[in-house]
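Colleague: I have a structure I would like to understand better, so I am pasting it below and will then ask my questions one at a time.
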Amino acid sequence: MLADLEARHLEVLGVRTRYHDVGSGEVLLLLHGAGPGASGLSNFRRNVETLALHHRVVILDLPGFGGTDNTLPEGGLFSAMGFFVRAFLEELGIERVSILGNSMGGGIALEIALRAPGLVHKLVLMGGAGSLPVFSPMPTEGLMRLFGFYAGEGPTLEKLRAFISLLVFDQSAITNDLLDERFRASTRPDVVANYIIAKRAIEPLWREDLSSLRQPTLLIWGREDRVIPLDASFLLLKQIPNASLYVLPQCGHWVQWEKAEAFNALVLEFMGRD
C-alpha cells in the first residue's frame with residue numbers, strides 16, 4: 001500500500017500543504033512530532049497500512065516539515081499549529097475526527113480538543129507534549145538535543161544520530177536509511193534558516209482545564225522515554241476524565257516505530273470501542 005500511496009497537496013491559509021489520505025470509514029488524523037527531518041509518513045510508516053484497513057487515515061505534514069511550506073500563523077507553538085490543523089480539516093470538509101498525536105503532535109491534538117471540542121471524537125496521545133513531568137528534570141536530554149540541532153555549527157549527521165538514538169530503547173531499530181532520509185529532510189534550506197519550533201513559545205497545556213475534555217483518551221508511553229518522560233503522563237491521566245494509560249516496557253519515545261505491532265493493536269482496539 002505505501003508504495004502506491006501518492007502525496008496530495010492543498011493550500012491551507014496560503015501554505016502549500018502535503019498530506020496522504022488512505023482507507024475509508026471514521027477519520028483518524030495522524031500528527032507527527034517535532035524531531036529534525038520528521039514528516040507524517042516518515043513517522044508513521046509502520047502504522048499506516050494496518051490502521052487504514054479499518055479507518056480513513058489522514059497523514060499530515062505540519063508546517064516546516066516534510067513537503068509542507070515553512071510558514072505558520074502567529075502565536076504559540078500549539079495554538080498556531082492547532083489553528084492550522086483545524087483550517088486543514090475544514091479544507092478537506094472533515095467535521096468529525098479522531099486524532100493520534102506523537103510528541104508535539106500530541107500537544108497539538110490537545111489544543112484542538114480544548115478549542116474545538118465538537119470536532120474531536122477520540123484522542124490518542126503518544127509521548128504527548130504539553131504536560132509537565134512530576135519527577136523528571138526539565139528540559140530532558142532529548143529536548144536539549146532537539147533544540148540544539150540547528151544551533152551552533154548547524155545540523156550535522158552526528159547531531160541527528162545522537163538525537164534519534166534517544167527516541168528508541170533498542171538501537172538496532174535505527175537504520176542508516178532512516179538517518180539518511182531524516183537528514184536530507186532536516187537540511188531543507190528554508191528550515192535551516194528559520195526553524196519554527198525553536199522560535200515559538202510552548203504553551204503549558206497542563207494548566208488548562210483538561211477536566212473539560214470529555215473525549216475518550218488513550219495515553220501511550222514508552223517506559224524508557226527520554227524525550228517526554230513517562231511521569232509527564234500522570235497529570236494528563238489525573239485531569240482528563242476519560243483517559244487511560246498504557247505503558248510499554250523496554251520502549252522509548254518512538255512507540256509507533258519501536259513497538260509497531262503492539263501500538264497498532266492498541267489503537268485499533270481503542271478506536272473500536274463504543
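The values are calculated or read from the model by the stated rules, or taken from the named source; none is laboratory data. Predicted, not measured: the structure shown is a model, and the values here were computed from it. Because the Cβ atoms are built from the backbone with ideal geometry, glycine has one as well, and the counts that use them run over all protein chains shown.
Colleague: Based on what the data block shows, is Ser172 small (Gly, Ala, Ser), over 15 Å from Ala109 (Cα atoms) and at pLDDT 95 or above? Give the steps one after another, and end with the answer.
Modeller: Numbers: small (Gly, Ala, Ser): yes; over 15 Å from Ala109 (Cα atoms): yes; at pLDDT 95 or above: no.
Judged against the criteria, Ser172 is not a match.
Colleague: Give region 176-207 a look and list any residue that's closer than 23 Å to Ala129 by Cβ, out of contact with any Asp or Glu (no Cβ under 8 Å at 6 or more places or on another chain) and not in a helix (DSSP H, G or I), or say none.
Modeller: Within region 176-207, Arg188, Asn194, Tyr195, Arg200, Ala201, Ile202, Pro204 meet the criteria.
Colleague: Among the residues of region 65-79, what is the count of those that are within 18 Å of Gly35 (Cα to Cα) and assigned to a helix (DSSP H, G or I)?
Modeller: Looking only at that region, the number is 2.
Colleague: Let me ask something else about it. Here's a check for you: in region 232-274, which residue that is assigned to a loop (DSSP other than H, G, I, E, B) and in contact with a helix residue (DSSP H, G or I) (Cβ under 7 Å, 6 or more places away or on another chain) is farthest from Leu41 (Cα to Cα)?
Modeller: Pro241
Colleague: Which residues, taken from region 114-136, are more than 9 Å from Gly82 (Cβ to Cβ) and either assigned to a helix (DSSP H, G or I) or aliphatic (A, V, I, L, M) (or both)?
Modeller: Just the residues of region 114-136 that are more than 9 Å from Gly82 (Cβ to Cβ), to begin with: 117-136.
Residues satisfying the conditions are Leu119, Val120, Leu123, Val124, Leu125, Met126, Ala129, Leu132, Val134.
Colleague: If the Cβ limit is 6 Å and pairs must be 6+ apart or interchain, which residue in region 163-180 that is within 19 Å of Asp225 (Cβ to Cβ) and hydrophobic (A, V, I, L, M, F, W, C) pairs with which residue that is part of a helix (DSSP H, G or I) and at pLDDT 90 or above?
Modeller: Phe163/Arg145; Leu166/Gly142; Val168/Glu258; Ala173/Glu258; Ile174/Ile164
Colleague: Output the residues belonging to region 87-101 that are assigned to a helix (DSSP H, G or I), surrounded by fewer than 19 Cβ atoms within 10 Å (Cβ to Cβ) and not acidic (Asp, Glu). Before the answer, list the steps.
Modeller: Initially, region 87-101 is screened for residues assigned to a helix (DSSP H, G or I), giving 87-92.
After this cut, where a residue has to be surrounded by fewer than 19 Cβ atoms within 10 Å (Cβ to Cβ) as well, the list is 87, 90-92.
If the condition is that a residue be assigned to a helix (DSSP H, G or I), surrounded by fewer than 19 Cβ atoms within 10 Å (Cβ to Cβ) and not acidic (Asp, Glu), then Ala87, Leu92 are the ones that fit.
Colleague: Among (1) assigned to a helix (DSSP H, G or I); (2) polar (S, T, N, Q); (3) crowded, with 20+ Cβ neighbours inside 10 Å, where does Ser42 come up short?
Modeller: Failed condition: (3).
Colleague: Here's a check for you: in region 64-90, which residue that is of a type in the set (Asp, Glu) and at pLDDT 95 or above is farthest from Leu119 (Cα to Cα)? Please lay out each step first, then the result.
Modeller: Within region 64-90, the first condition is being of a type in the set (Asp, Glu), and the residues that meet it are 69, 74, 90.
From the residues that got through so far, the ones that are at pLDDT 95 or above too are 69, 90.
Numbers: Asp69: 25, Glu90: 10 Å.
It comes out as Asp69.
Colleague: Can you spot a residue in region 208-223 that is on the phi < 0 side of the Ramachandran plot, of a type in the set (S, T, N, Q), surrounded by 15 or more Cβ atoms within 10 Å (Cβ to Cβ) and in a helix (DSSP H, G or I)?
Modeller: No, every residue in region 208-223 fails to be on the phi < 0 side of the Ramachandran plot, of a type in the set (S, T, N, Q), surrounded by 15 or more Cβ atoms within 10 Å (Cβ to Cβ) and in a helix (DSSP H, G or I).
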